[in-house]
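Colleague: Okay, here's the structure, questions in a sec.
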């Protein structure tokens, strides 16, 4: 299950990077902020997964 969550988190981070890039190209500050927020959310989720894995000993 951890690998599945890792993949979802990576996809969410990639989507956030895409939103940020499109926002920069189109001068859309709101989209840039949304992309950065998606990336931050993904990083927090991944950190939680890493903690769970460390506790389980994976």
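Bear in mind these aren't lab numbers, they're just calculated from the coordinates by the rules spelled out. Note that the coordinates shown come from a computational prediction; the quantities given were computed from them, not determined experimentally.
Colleague: Grab the Cα-Cα distance for residue 30 and residue 14, subtract it from 0.36 nm times how many residues apart they are, and report the gain in nm with one decimal.
Modeller: Values: separation 16, 0.36 × 16 = 5.76 nm, distance 1.75 nm.
Going from the current span to full extension adds 4.0 nm.
Colleague: Same structure, new question: Counting only Cα, what are the radius of gyration and maximum Cα-Cα distance Dmax of the chain, in Å?
Modeller: Rg, Dmax (Cα atoms, Å): 13.6, 45.
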